[in-house]
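Just so it is clear, none of the values below were taken in a lab; they were calculated from the coordinates. Since the model is a prediction, treat every value here as computed from it, not as a measurement. Note that we place each Cβ from the backbone using ideal geometry, even for glycine, and neighbour counts take in every protein chain shown.
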Amino acid sequence: MKTRTNSDTYTTSYSYPMDEPRRKCLMLLYQPIIGSSAVNLYMTLLEDSSLNEVVSLHSRLIKLSQLTMEQLQEAMKKLQAVGLLKVFHKDNHYLYELLLPMTPNQLYHHQVLNTLLFKVLGKEEYLKTKNHFLVKLIDKNVYQEEKISFNDVFDIQLLNNQNVIQVKEPIFDITKSKLQATYSRDIFFEGMEVYQITSNQLTEGQIELIDQLGMLYQIPMIDMQAFVKENFIQGVFHEQAFHKTCQDYYQTKVPETLKEVYHHQSVVHTSTGGSGEEQKHIYYLETTSPYELLKAKQGGKEPVKRELQLIESLLIGLGLEQGVINVLIEFTLSQCDGALAQKFMEYHGAKWQRKNIKTVQEAMMEAKKELLSITKEPSWKTQKEENIQENIDTDSLEELLSKYN
């Protein structure tokens, strides 16, 4: 990405004005994914744009958006990544082409964006947001439709030798936003020639599905080509079977990633203070990986993949230190009847991340405070969380508190 300066010029273009449903989609569906700065930049470019080419300096854009140049470029990268912006440049002049957001229906059926939205919002907020776009279905089978054709109302008579009127000037039209594919379609289908499969034998929707699943599951091109061939039977591409093949590939590859993440422990933040048994336990949590801790808690049995994926989300998604996660594991097991309850861990993990908890000792102190303050049903709890205790187990509470004293 070319670095911009305040003196670089730009013009903005768009193919179709923003309507209210897409504006709502931008705010409620795109914003959780790309952030408010990127959305505000998009709206600033849209409001400041003109159907005629008006040249402006980037210093104007910085003043309007109240972003630094570095923040501006980062926001543009996000808009480009989700298909809302195309950028062209010639020397020190830039052309920013704004593309309309997908409709809610298109986004909820997009394999990548829908998955990312669910991951960012979580199940409860995801469903709540989806309710904003639900349409009440009316059973039209109980009605009889009145059909009127165009010719029943209008009488169109063309004069002899009169040509059909054609519009030569460009007019408003919708340019659909689209994510950049993981690999080039031209190169992809060149490789498919060995299987005697061409792009013409697949619909645009099927080709987009290949792009989306390749992006979602990080499938190399050569493997994806084999998967398409495997599910292209007697001239028909079987989408559901293809989807299952991609999922199976991911499930096979995940343990390799998990092994790299969980079997190694790097001590970045070391706690200080304490003595005796407490200090030994702190040292144990600092020098033991979450994988090893879970395995020890289960009597030497391998942790299940669901638990490891939960730990992965805390490691990568929240950026918690492994020692802090170990405290969270012990805290969760003590309060959730020996179950590694996902909602409990995500709630407290996000809370600790916001409090910038970095060491085992800090995490233990925070857990102690929360144990002492629990007097009612916590906000993370739902009716469906069956593994979480309805009341505090005082025995386990005292045992855990004594460990942290």
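Whole number please: convex hull volume per residue of the Cα set in segment 9-103, in Å³? Write down the numbers at each step before the final one.
Values: hull volume 8.5 nm³, N = 95.
For segment 9-103, the hull spanned by Cα atoms encloses 90 Å³ per residue.
Using Cα-Cα distances under 8 Å and only pairs 6 or more residues apart, what relative contact order does segment 37-97 have, in percent?
Details: 32 pairs, mean separation 18.0, N = 61.
It rounds to 30 percent for segment 37-97.
Would you mind giving the average projected area, over all directions, of the Cα convex hull of segment 293-376 in nm² with one decimal? Write down the numbers at each step before the final one.
On the way: hull surface 21.5 nm².
For segment 293-376, the mean projected area of the Cα convex hull comes to 5.4 nm².
Exposure proxy check: Asp19, Asp139, Asp211 ranked by fewest other beta carbons within 10 Å?
Details: Asp19 12, Asp139 6, Asp211 21.
Arranged by neighbour count, lowest to highest, Asp19, Asp139, Asp211 become Asp139, Asp19, Asp211.
Just the Kirkwood number for segment 185-261, please: inverse of mean 1/r across all distinct Cα pairs, in Å, one decimal. It would help to have the intermediate numbers written out before the result.
Details: mean 1/r = 0.0770 Å⁻¹.
About 13.0 Å for segment 185-261.
About the Cα centre of segment 6-60, what is the dipole size in debye to 20, counting +1 per Lys and Arg Cβ and -1 per Asp and Glu Cβ, all else neutral? Please report the intermediate quantities before stating the final value.
Details: 4 positive and 6 negative charges, 40 e Å.
Computed about the Cα centre, the dipole is about 180 debye.
Would you mind ranking Ile233, Ile219 by Cβ crowding within 10 Å, fewest neighbours first? Walk me through the numbers on the way to the answer.
On the way: Ile233 10, Ile219 22.
Ascending Cβ contact count within 10 Å gives the list Ile233, Ile219.
How high is the FRET efficiency between Thr198 and Ala350 when r is their beta carbon distance and R₀ equals 45 Å, given to the nearest 0.05?
Values: r = 48 Å, r/R0 = 1.07.
That gives a FRET efficiency of 0.40.
Taking R0 as 56 Å, what FRET efficiency do you get between Thr287 and Val142 from their Cβ-Cβ distance, rounded to the nearest 0.05?
Calculated value: 0.20.
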